[in-house]
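Trainee: Below is the structure I would like to discuss, written out as structure tokens.
No value in this document is a laboratory result; all are computed from the given coordinates. Bear in mind that the values here come from a model prediction, so they are computed numbers and not experimental data.
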Amino acid sequence: MKDSELIVNDDGSIYHLALRPEELADTIITVGDPDRVELVTRHFDTIEFTRKRREFVTQTGWIGKQRITCLSTGMGSGNVDIVLNELDALANIDFTTRQHRSEPRELTIVRVGTSGSIREDVAVDDILVSGVAIGLEGIMLWYEQRERTPTEEAWHQALEDVHLPLDSYVSESNGELMNRFSDLSVGVTLTTAGFYAPQSRSIRLRPMEDDFLNRLSNIEVSGQFITNIEMETAAIYGLSRALGHRALSINAILANRLSGAFSTSPLKTVTQAIEYTLDRLI
């Protein structure tokens, strides 16, 4: 691989994350907010190290006999594109020979993030797991397309019937990980390129489509509806599946876009999502 494709720092770490291969655990929790990393790692028994580079804060440590890395991605799928590719390079590329390792390493990647509901039956302060994620931010459209699963194809067809103003893609969660979180409500998550107009918010600038959320919330596939909206899940699912990793997204619902309500205790809800996730992973 050319030096301009796989960029390795002088200390042997990957370019953006500043991590070396041996510093990465097989189980990874991602959060958007760098300050949220310590909300996760305060539950660790020991912490091996802390690394800070740009918006990427990483801590690797142990809970009992399980080694875990917690990493902040920053906001949005553009950052997820960097994080997922560099995590995979750490796991599956020999930085000395710049060749693929002979034995692929499968990572378990669990996002614990915040989200807004676009359904009346998904309340503020609920926690749900994303079974399917629909990407409207375009990241996976830049990659060679793999064959869709039957569920992905069904949602893809339903979205085509709605005639959205931009192309979309659909990604599924990992089934084995879903089984570990089976007592959570399962949602269909919409991933957008931004927080304001891309999520149909209007402060001074009007979004291009005023009825965007209503149109999407009424799409039904096999009795399922789109439940919530955020900025990372579809890219995490799409890249993880393409690279051979397992991924799951846990959503702390802090807003209901239909009622206009916002959580009065967001930190409590996020903390509950973190503690629940660690319990299921350990």
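Trainee: Mind jotting down a quarter of the surface of the convex hull over the alpha carbons of the stretch 50-140, in square nanometres, one decimal?
Mentor: 9.0
Trainee: Further question: Hey, any idea what Rg/Rh is for the stretch 157-282, computing Rh the Kirkwood way over Cα pairs?
Mentor: 0.97
Trainee: Per residue of the chain, what 222 nm ellipticity follows from adding -39500 (n - 2.57) for every DSSP H run with n ≥ 4, rounded to the nearest 500?
Mentor: Helices in the chain give a 222 nm mean residue ellipticity of -7500 deg cm²/dmol.
Trainee: Taking only Cα atoms and a 10 Å spring cutoff, compute GNM fluctuations for the chain and point out the largest among Ile14, Ile250, Ile236.
Mentor: Fluctuation is largest for Ile14.
Trainee: Okay, next question. In square nanometres and to one decimal, what's the mean projected area of the convex hull around the Cα atoms of the stretch 184-249?
Mentor: Averaging across all directions leaves 5.6 nm² for the Cα convex hull.
Trainee: Can you tell me which of Trp62, Trp142, Trp155 moves the most in a GNM of the chain? Springs connect C-alpha atoms under 10 Å apart.
Mentor: Trp142
Trainee: Report the residue, chosen from Thr69, Thr233, Thr50, that carries the largest GNM mean-square fluctuation when the chain is represented by alpha-carbon nodes joined by springs under 10 Å.
Mentor: Thr50
Trainee: Something else about it: Using a/c under 1.5 as the rounded threshold, could you call the stretch 55-100 rounded, prolate or oblate? The axes a ≥ b ≥ c are square roots of the C-alpha gyration tensor eigenvalues, and prolate needs a/b larger than b/c, oblate otherwise. All intermediate terms of the calculation are to be shown ahead of the outcome.
Mentor: Details: a/c = 2.76, a/b = 1.09, b/c = 2.53.
Since a/c reaches 1.5 but b/c is at least a/b, the shape of the stretch 55-100 is classed as oblate.
Trainee: How large are Rg and Dmax for the chain when calculated on the C-alpha trace, in angstrom?
Mentor: 18.6, 56
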